[in-house]
Amino acid sequence: MIVYHDLFAEQGYPPLKDRVEPAFQHLKEAGYLDRPGVEVLTPGPAPLELLGRVHTPHHLADVESSGFWETAVLSTGGVVEASVKLIRGEADNAFCFVGAAGHHASREGYWGFCFINDVGVAAMHLLDEGLAGRLAVIDIDPHFGDGTRDILGPEKRVLHINFHSNYGSRGVGMGATNIDVPLPFDAEDDLFIEHAEACLDRALDFEPDLLYVIFGYDSHVGDYGAFRFSVDAYRRFALAVRERFPGGVCCVLSGGSGVKAGKAAIGEVVDILSG
Ligand SMILES: [Zn+2]
């Protein structure tokens, strides 16, 4: 399942919005959207009540005045809808486009192109409604997912694996269900895949009902984040995910500004997960 809304490209946060439409067109042109079982979901806004379970009223008021409320709420709505469908077995995997990212949005603060914590809202919805008993989140965006750690860190039913480029622990919500994987600033494909495979094995041991992948490709060589990955790293990562989690993966787009790299990286992931 592909989650996509035209508004992400029109009103999304610059520079993230520039990659959205070209990458979606690429999926179309490559024929991935015509594959059996692949549907495109146009999301509605996430219900306010769900946002209020994760974020404070003060935070939501701030987001409302940011000018990115609509795109943030639609982005989150897409992740929530995809999560429920995946849990119900109505789809095997999902790739969610977004107009603004989520992993730097904490209960009461946001920065770095993020406004509402899409995965945090969706995960807590599944747990609160009894739709899932355990969840795993693997965040491969090279920036530390501080907002997700703030929201899901204390939740023992969620395993949060967090790749980042800052050495040393931030000391936020550390514990058995929070794993930080610092890699050197100039890390390349092989080092990443070695750690990613080990982390995915740990995620499998946790026996989650659903695996979230926070998919930032700002780790691509030349993009604005740390690391020096080639597009092949994302393909290898997707293969490692599919091998361990043949069904029940919800990929959510995060950082990455390159249009060409975005087409290639997102294309590889969708190709593997829908193949
Ligand atoms: Zn990032």
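A short reminder: the numbers here are calculations on the coordinates, not readings from a lab. Model, not experiment: these values are computed from the prediction. Backbone-built Cβ (ideal geometry, glycine too); neighbour counts: all protein chains shown.
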Query raised in the report: With springs only between Cα atoms under 10 Å, which of Gly31, Gly247, Gly78 fluctuates most in a Gaussian network model of the chain?
Result: Gly31
Report summary line: With Glu129 itself left out, Lys, Arg at +1 and Asp, Glu at -1 over residues whose Cβ is under 15 Å from its Cβ give 0
Query raised in the report: Where Lys and Arg each count +1 and Asp and Glu each count -1, what net charge lies around Ala30 among other residues with Cβ under 11 Å from its Cβ?
Result: -1
Requested in this report: Taking amide H positions as placed in the peptide plane 1.01 Å from N, state which residues far from Val181 in sequence (5 or more) or on other chains have amide H under 5 Å from it.
Outcome: Asn162, Phe163, His164
Query - Proxy reagent accessibility, fewest Cβ within 10 Å first, across Thr42, Thr177, Thr148 - result: Thr42, Thr177, Thr148
Requested in this report: Using the Cα centre as the reference, give the magnitude of the dipole from point charges on the C-beta atoms of region 129-275 (Lys, Arg: +1; Asp, Glu: -1; all else neutral), rounded to the nearest 20 debye.
Outcome: 220
Requested in this report: Treating only the Cβ atoms of Lys and Arg (+1) and Asp and Glu (-1) as charged, compute the dipole magnitude of region 72-170 about its Cα centre; round to the nearest 20 debye.
Outcome: 220
Report summary line: Pseudo-spin-label distance Glu39 to Lys260, built 7 Å along Cα→Cβ, given in nm, is 3.7
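Hey, what number do you get for the chain at 222 nm if only DSSP H runs of n ≥ 4 count, each worth -39500 (n - 2.57), divided across all residues, to the nearest 500?
Roughly -13500 deg cm²/dmol at 222 nm, from the helical runs in the chain.
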Report task. Just flag the GluC sites (Glu not before Pro) in region 20-101 sitting in loop per DSSP whose Cβ has no more than 14 other Cβ atoms within 10 Å. Result -> Glu39, Glu90
Query raised in the report: Can you list the HN-Hα couplings for region 100-107, worked out from phi with the Karplus curve (6.51, -1.76, 1.60; θ = phi - 60°), rounded to whole Hz and with x for Gly and Pro?
Result: 9, 7, x, 6, 9, 8, 9, 4
Query raised in the report: To the nearest 20 debye, what charge dipole does region 2-274 have about its Cα centre, counting +1 at the Cβ of each Lys and Arg and -1 at the Cβ of each Asp and Glu?
Result: 180
Report summary line: A correct fewest-to-most ranking of Cys251, Cys96 by other Cβ atoms within 10 Å would be Cys251, Cys96
Query - Residue order, fewest to most beta carbons within 10 Å, for Ser257, Ser219, Ser230, Ser75 - result: Ser230, Ser257, Ser219, Ser75
Query raised in the report: Where is the GNM fluctuation largest for the chain (alpha-carbon springs, 10 angstrom cutoff): Cys114, Cys250, Cys199?
Result: Cys199
Requested in this report: Given the peptides 259-269, 181-191, 51-61, arrange them by the average over their residues of other C-beta atoms within 10 Å, most packed first.
Outcome: 259-269, 51-61, 181-191
Query raised in the report: Along the positive direction of the dipole of region 2-274 (beta-carbon charges: Lys, Arg +1; Asp, Glu -1; about the Cα centre), which of Tyr13, Val231, Cys96 reaches farthest?
Result: Cys96
